[in-house]
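J.: Can you keep this structure in mind? I'll have questions shortly.
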Amino acid sequence: MEYKSAAPRIIAPKSPNLFQIALEIQKKGPLQFFTDQWRIQGDVPHLRMGLHNLFFIIHPDHVGHVLLTNRKNYDKLKTWDVTRRLLLGSGLIGATGAHWKRQRKLMSAFFTPKSVELYFTLMLNAASDVTTRWETASKSGQALDIMEEMTRITAWIILRSMFGMDLSEERLRTIERDVETMIRFVYRREMLPVKAPLWAPLPSHVQYRKATSRVHLLMREVIERRRSMPESSWPNDLLSKLMSARDEESGETMADVFVRDECIGIFIAGHETSARTMAFMWYSLHENPEVAAHLRRELDAVIPENQQPTLEDLKQLPYLTRVIKEVLRLYPPAPAFPRDPVTEETLNGVRLEAGAFVMVAPYFTHRHPDFWTNPEHFDPDRFLPEREREFHPYAYCPFGGGNRICIGNSFAMLEMSVLTAVLARRFDAHLIAGHKPEIEMGGTLMIRNGLPMHIVQRV
Ligand code: HEM
């Protein structure tokens with residue numbers, strides 16, 4: 001199959017000095033600064049960050065090279081150390097080698113397109129709960145922060161579907177905030193050229209430690225509760241799968257600390273990303289009323305009045321899928337993710353030494369002018385099947401690629417389809433007057449100043 005391609009542009013791969021970097025990031029924010037460096041330096045921008053060299057991988061040929069064809073040379077080594085130590089422990093996302101292989105194999109069965117359909121009804125019920133709250137907000141005219149709304153619903157879905165947890169509203173909020181505190185802390189710490197020891201009694205350290213111990217305690221409680229039930233009555237979910245898995249050689253079950261780490265990793269990876277995408281979905285529908293109108297025509301035509309969509313209905317909503325894909329193109333919730341070159345390599349004349357930090361950066365790949373016509377424009381019809389077939393295989397990679405492609409991608413696509421089908425059918429959401437969302441790169445792509453919207457009931 002012929003696909004659209006163009007050679008990488010390497011203009012001037014030379015980093016500004018650390019002082020300029022710090023000043024510019026302070027002035028423009030990281031997203032604009034990295035965008036400018038891409039324009040100035042070309043497709044492998046280089047930043048010298050203190051002792052480390054950081055390179056962005058943007059061109060689809062390079063993305064495919066790092067994630068697939070030469071993936072053995074791009075592992076999760078030193079760049080992942082802080083995240084592993086302070087956030088994910090031994091969980092799949094940061095795991096490597098034989099441990100990663102074993103865990104990936106064990107968990108994959110839960111995430112096939114067919115297996116995730118098991119969670120359709122649960123997702124539908126979660127969307128219905130939101131409906132009740134949004135009806136009230138629509139009547140009272142009170143604005144809701146859509147980022148928070150989406151985070152709460154995706155957090156509930158992941159905890160319920162994977163671990164059978166049904167937390168009260170209050171506990172749900174606490175765990176969300178705690179996990180958010182942990183992620184921000186780790187993200188900021190990674191960026192610091194000099195790191196204070198963790199035992200130092202700084203307010204951010206204290207907050208991080210308290211949040212971590214609350215999250216660990218909750219996970220321990222869930223594991224212990226499951227263990228107190230006879231194994232024959234365990235529900236068919238990921239937690240049971242993890243707790244009952246036996247090592248092929250020793251026959252032993254997984255230690256609780258490994259189960260806990262997997263649970264924390266799945267919770268983190270499995271709700272913030274979908275929540276961010278859903279928030280950007282509402283923002284995009286607000287910004288592009290003709291897209292919103294098209295989507296609603298499709299929803300009205302397929303889902304019978306006063307009824308919830310069925311799984312079959314969802315398969316008859318191609319425009320909805322195109323809208324979600326376009327949201328993921330312009331606003332990939334994982335805008336950049338790191339790898340470590342194991343041995344030195346030269347990519348189109350740019351030397352990536354062993355020990356350098358390499359960031360695969362879908363946010364920029366998805367806006368590459370050689371691969372996307374009018375890249376800043378929101379146009380779901382880019383994903384019409386006949387046009388999709390012409391994409392470079394790595395021009396679009398919101399879920400990563402190669403053997404470490406997101407394990408939860410089918411789960412996420414189903415979840416986002418259900419939430420959008422139910423909520424967009426019944427409600428419009430309008431940004432409050434004068435609010436300008438500030439999009440920024442944190443651990444995920446986010447809206448720094450929130451997304452306050454008025455909800456208007458349609459039907
Ligand atoms: C819109 C939603 C999502 C997006 C955009 C997304 C994106 C990604 C990306 C880019 C990676 C690859 C990271 C890398 O190669 O370093 C990844 C990995 C992963 N994701 Fe997702 N994700 C989403 C939802 C989910 C969900 C719902 C789950 C779980 C239920 C999940 C679990 C994971 C896990 C466990 C990994 C690590 C896989 C491995 O290394 O083998 N993600 N995700």
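All of the numbers you see were taken from the coordinates with simple rules; none came from a lab. Treat the numbers as computed from the prediction; the structure is a model and nothing was measured. Cβ: placed from backbone, ideal geometry, glycine included. Neighbour counts: every protein chain shown.
J.: If you filter the stretch 359-459 for trypsin sites (Lys or Arg not before Pro), then keep DSSP loop positions with at most 15 other Cβ within 10 Å, what is left?
T.: Those satisfying the criteria are 389, 448, 458.
J.: Let me ask another. Among 325/436; 28/76; 28/436, which pairs are too far apart, with a Cα-Cα distance over 18 Å?
T.: Where the Cα-Cα span goes over 18 Å, the pairs concerned are 325/436; 28/76.
J.: Same structure, new question: Which log10 I(q)/I(0) values does the chain give at q = 0.07, 0.10, 0.12 Å⁻¹ under the Debye formula, counting every alpha carbon as one identical point scatterer?
T.: -0.36, -0.78, -1.15
J.: Sort 337, 19 by Cβ crowding within 10 Å, fewest neighbours at the top.
T.: Least to most surrounded, the residues fall as 19, 337.
J.: Now a separate question. Taking neighbour Cβ counts within 10 Å as the exposure measure, how do 62, 435, 294, 377 sort from fewest upward?
T.: So the residues, fewest neighbours to most, are 377, 435, 294, 62.
J.: Could you please report the charge total around residue 41, scoring K, R as +1 and D, E as -1 over all other residues with beta-carbon less than 11 angstrom from its beta-carbon?
T.: Once positives and negatives cancel, what remains is +1.
J.: Can you figure out the FRET efficiency of residue 115 with residue 19, using R₀ = 41 Å and their beta-carbon distance, to the nearest 0.05?
T.: Efficiency computed from Cβ-Cβ geometry: 0.20.
J.: About the Cα centre, and with charges only on the beta carbon of Lys, Arg (+1) and Asp, Glu (-1), how big is the dipole of the chain? Nearest 20 debye, please.
T.: 1020 debye
J.: Among 316, 346, 208, which residue has its Cα furthest toward the positive end of the charge dipole of the stretch 203-349, with +1 on Lys/Arg Cβ and -1 on Asp/Glu Cβ?
T.: 208
J.: What order do you get for 272, 390 when you list them from fewest to most C-beta neighbours inside 10 Å?
T.: 390, 272
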